[in-house]
Amino acid sequence: MIALQTRPLRGIVFPGDPDAGDLAHAGGKAGGLVRLGDAGCSVPPWFAVTPEWTESDDDSLDEALARLQPRHADPSTSSGEARYAVRSSAIVEDGARASYAGQFTSVLSVPRDGVAAAIRQVRDSASSEALRAYAAAACGTPMAVIVQRMVAGTTSGVAFGIDPINGGDVVVETAARGLAAAVVEGDALTDAWHVAPDGTITARTIAEPHRTRAVLEDVHVHAVAALARRIANAAGGPQDVEFTFAAGRLWALQARPVTAAAGIPVAIWDDSNIAESYGGVVGALTYSFARHAYAGAYRAFFRFAAVPREAIDTQAETFEGLVGRIEGRMMYDLVRWYRMLALLPGYRLNRRLMEEMMGVREAIPAELADTIARDCRRGKLRDAAMLARTAVALAIAAFRLPRDVERFHGHVETTLAGGPPLERASLTELAGEYRRLERALLERWNVPIANDFFVMLSFGLLKRAAQEWCRDVSLAPALLAGSGGMMSAEPARAVQRLAVLDAAGDRDAFARELGDYIARFGDRCESELKLESPTLHDDPRPLLEAIARLRSSATIDSTGAADRMRRDAERRARAALRGRPMHAFVFTCLVSWARARIVARENLRFERTRVFGRVRRIVLAMGRVLTRRGALEDARDVFHLTIDELLGFAEGNAASRELRALAAVRCAESARYAAAPAPPGRFATRDLPVAPLAVPPPGSIDDTVRTGTACCPGVVRARVRVVRDPRETLRPGEILVAERTDPSWVVLFPAAAAILVERGSQLSHAAIVSREMAIPSVVAIRGLMSWLRDGDLVELDGATGLVRRLERAS
């Protein structure tokens with residue numbers, strides 16, 4: 001610890017002084033050290049010698065050195081006579097655009113009586129020939145100098161908060177035995193590690209082939225990665241951090257922004273919630289159709305929100321690239337999502353809410369997010385005018401939304417009731433029917449997107465109000481339980497009724513209800529938004545199997561439990577807000593608004609399912625016509641064509657009419673993707689969108705506890721069943737464990753004691769339906785599917801997101 005300063009010293013600044021972070025006074029390196037301290041890092045004691053200091057101020061220097069002495073013996077900073085590191089801290093140094101790393105002299109292991117001479121040597125380096133070659137503007141710059149107590153480091157290194165080669169979202173660490181200087185200057189052979197955002201060590205390199213162990217244990221690698229990310233969050237962007245371990249303690253020696261040209265990625269690919277709708281390998285037809293649908297729907301919403309057409313047209317590339325197909329998998333390009341969101345006012349708030357709704361594992365670097373915001377600014381006056389215009393439009397939209405949602409349901413119903421009989425339609429008529437749907441629905445999807453926006457806003461505000469006003473983060477999900485009127489929960493209840501009829505042997509009633517179910521929910525299937533997915537219309541066996549499985553638990557009724565959960569949450573909220581009537585009124589309005597918007601969201605998603613089902617039937621009918629003509633080998637080969645290739649063939653403007661050959665190439669490509677490992681769930685690229693190879697780690701630090709996103713409160717202790725296909729069996733009272741869920745999984749929910757999902761967010765399908773059915777649930781649990789296996793005994797808390805494995809299955 002540094003002794004408390006009793007009086008100012010001429011030309012000397014300590015970390016706690018007001019001028020310590022002043023760039024003009026103490027320089028760039030001093031500012032970096034202040035940020036390290038503010039971030040809670042262990043930083044060796046230091047002070048800055050400002051440009052005003054002269055050698056006539058030796059007394060001040062002696063007193064400052066005395067203040068660096070620790071009050072108590074510290075084995076990591078004391079080894080015999082005190083030694084010091086004397087480093088430059090120029091105004092231009094360690095900046096965001098240029099670091100000037102290595103351009104100024106540093107003097108290490110300086111004894112106390114040599115510090116003044118070392119300060120002169122560092123100052124003289126500001127006028128060197130080498131520095132002139134680097135940047136003439138820096139020459140002769142007033143030079144502050146850092147004097148820091150040397151740490152007796154045994155293993156040291158450097159950690160980059162972002163991959164300096166390709167901009168990937170990993171921490172890259174290099175380390176060697178000894179002091180950090182040898183690593184920084186390239187004089188040591190270093191081991192290296194890549195650490196993903198979830199803590200997975202994705203790459204490990206040992207520099208010397210004769211060694212079998214790296215210089216850092218995994219626990220220390222994870223500690224350094226956590227340090228680098230904490231510093232990046234505090235600094236607002238990825239940092240280049242020098243560190244050392246001494247006597248078992250991790251010290252941060254200095255940090256500067258990563259300034260390599262490759263530090264800013266062109267794209268950040270993330271599968272987040274999109275894997276819930278488009279799991280696994282996705283066909284070319286599904287991808288091209290979804291890409292058009294995303295672009296058209298969001299353009300329509302931004303016009304609806306009164307964003308000027310000029311601004312929307314300027315970002316045409318952004319709207320067209322919201323999703324990509326990487327190694328056959330659908331992924332979001334987060335950079336483009338943030339660029340799109342920056343067109344709306346309230347960018348900083350909106351981007352946080354979007355991250356929560358999409359289940360984004362980690363926000364993009366603050367430096368990149370701020371760059372996007374700057375790029376989208378239009379000048380103060382234009383920004384202010386657009387803010388007022390958009391705010392008024394969104395306020396009107398919020399007021400009219402309940403009516404607009406009802407009208408949209410009616411519009412979908414009318415549109416789907418029209419059109420020619422698909423079985424007898426010609427290729428041209430089928431293409432015309434697709435175009436009719438596109439004009440009537442796909443290009444007018446502004447109401448569901450507007451509702452999604454207000455879901456994002458209302459749920460985000462409700463969570464913050466629950467936390468800040470009620471001091472209870474578990475309130476928001478519980479208040480939304482058992483809202484009623486939600487279409488997503490209907491299939492589970494309908495299947496339970498069918499199971500009761502089946503068990504009772506009432507064949508006529510069973511047949512009627514089964515037919516009604518397929519007519520209403522026949523397009524709800526596993527991966528229902530993938531056009532190539534077979535539905536219950538094609539094969540009802542998955543439904544019949546689900547009914548058979550539910551016979552033993554068909555009388556389970558979760559409605560009462562959901563109501564009790566909601567009422568208990570309402571009671572706790574009233575107690576927390578007692579005596580604050582205005583807060584209570586606003587909170588009640590937020591709850592009501594969020595409930596209505598989330599129910600509407602799930603019901604509008606069902607309309608999306610119906611529309612996708614109609615498109616699926618149209619393209620399959622086109623596939624059958626093309627097969628009869630010999631243009632395709634099989635009707636389902638149509639799913640290996642893009643929507644433009646298919647429509648272009650029918651409308652006479654295709655770039656190629658060799659559909660059979662195109663389908664064969666794409667079929668083989670999809671087979672290769674399916675056989676290969678899936679790409680990482682998140683990575684960054686600067687050039688071609690090629691996923692890096694994910695290398696599994698050798699082990700985990702704590703293999704018994706994981707934390708995810710709490711979705712529905714309740715503590716459950718039970719055995720788990722790891723389910724990879726919703727057609728598998730789940731015995732009543734087991735905990736359902738899945739990588740992801742979609743509406744087809746809801747038939748398993750009534751038998752589940754609790755639900756654990758590797759992916760998702762508090763607004764994903766599993767979260768919403770589990771709350772509606774009062775089933776304790778936790779989602780977004782990293783590595784869940786490899787962590788648990790059938791029969792493991794687990795305890796989970798759906799209010800905190802904590803999951804603990806109590807016992808391995810025998």
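Tell me yes or no: at least one residue of the range 415-425 is crowded, with 19+ Cβ neighbours inside 10 Å and either in a helix (DSSP H, G or I) or in contact with an Asp or Glu (Cβ under 7 Å, 6 or more places away or on another chain) (or both). No - not one qualifying residue is present in the range 415-425.
Among the residues making up the range 668-718, those that are basic (Lys, Arg), assigned to a strand (DSSP E or B) and at pLDDT 80 or above are Arg706, Arg717.
Selection within the range 775-787: residues that are in contact with a strand residue (DSSP E or B) (Cβ under 8 Å, 6 or more places away or on another chain) and surrounded by fewer than 24 Cβ atoms within 10 Å (Cβ to Cβ). The member of this set that is nearest to Ala596 (Cα to Cα) is Ile781.
Being of a type outside the set (Lys, Arg), over 19 Å from the mean Cα position of the chain (by Cα), closer than 24 Å to Asp703 by Cβ and modelled with pLDDT under 90 holds for only one residue in Thr212, Thr190, Thr202, and it is Thr212.
Only one entry of Ser109, Ser127 meets the criterion of being at pLDDT below 80, among the hydroxyl-bearing types (Ser, Thr, Tyr) and out of contact with any helix residue (DSSP H, G or I) (no Cβ under 8 Å at 6 or more places or on another chain), and that entry is Ser127. Filtered by the rule that a residue be hydroxyl-bearing (Ser, Thr, Tyr) and either at pLDDT 85 or above or within 13 Å of Ile146 (Cβ to Cβ) (or both), the range 1-54 gives Ser42, Thr50. Residues in the range 531-538: is at least one closer than 30 Å to Ala478 by Cα, surrounded by 14 or more Cβ atoms within 10 Å (Cβ to Cβ) and not charged (D, E, K, R)? No, the range 531-538 contains no residue that is closer than 30 Å to Ala478 by Cα, surrounded by 14 or more Cβ atoms within 10 Å (Cβ to Cβ) and not charged (D, E, K, R).
Among residues of the range 426-449 that are farther than 23 Å from Asn603 by Cα, those with a Cβ under 6 angstrom from a residue that is surrounded by fewer than 17 Cβ atoms within 10 Å (Cβ to Cβ), sequence gap 6+ or separate chain, pair up as Glu429/Pro420; Ala431/Glu651. In the range 47-64, the residues that are acidic (Asp, Glu) reach residues that are surrounded by fewer than 17 Cβ atoms within 10 Å (Cβ to Cβ) with C-beta atoms within less than 7 angstrom, at least six apart or across chains, in these pairs: Asp57/Arg10.
Every residue, every condition in (1) touching a His at 6+ places or on another chain (Cβ under 6 Å); (2) of a type in the set (Gly, Ala, Ser); (3) within 29 Å of Leu659 (Cα to Cα); (4) part of a strand (DSSP E or B), yes or no:
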| residue | (1), (2), (3), (4) |
| --- | --- |
| Trp251 | no, no, no, yes |
| Ala275 | no, yes, yes, no |
| His292 | no, no, yes, no |
| Met340 | no, no, no, no |
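On inspection, Arg435 passes the criterion of being modelled with pLDDT of 90 or more and under 29 Å from Ala621 (Cβ atoms). Of all residues in the range 467-483, at least one satisfies being open to solvent by 20 Å² or more (accessible area, probe 1.4 Å) and within 30 Å of Asp516 (Cα to Cα).
Looking at Glu758, is it in contact with an Asp or Glu (Cβ under 7 Å, 6 or more places away or on another chain) and surrounded by fewer than 24 Cβ atoms within 10 Å (Cβ to Cβ)? Steps first, answer last, please.
On the way: in contact with an Asp or Glu (Cβ under 7 Å, 6 or more places away or on another chain): yes; surrounded by fewer than 24 Cβ atoms within 10 Å (Cβ to Cβ): yes.
Judged against the criteria, Glu758 is a match.
The values are calculated or read from the model by the stated rules, or taken from the named source; none is laboratory data. Treat the numbers as computed from the prediction; the structure is a model and nothing was measured. Here Cβ is always computed from backbone atoms with ideal geometry, including for glycine, and neighbour counts include all displayed protein chains. Ligands, DNA and RNA are excluded from the accessible area calculation, which covers all protein heavy atoms including side chains. Shrake-Rupley method; radii C 1.70, N 1.55, O 1.52, S 1.80 Å.
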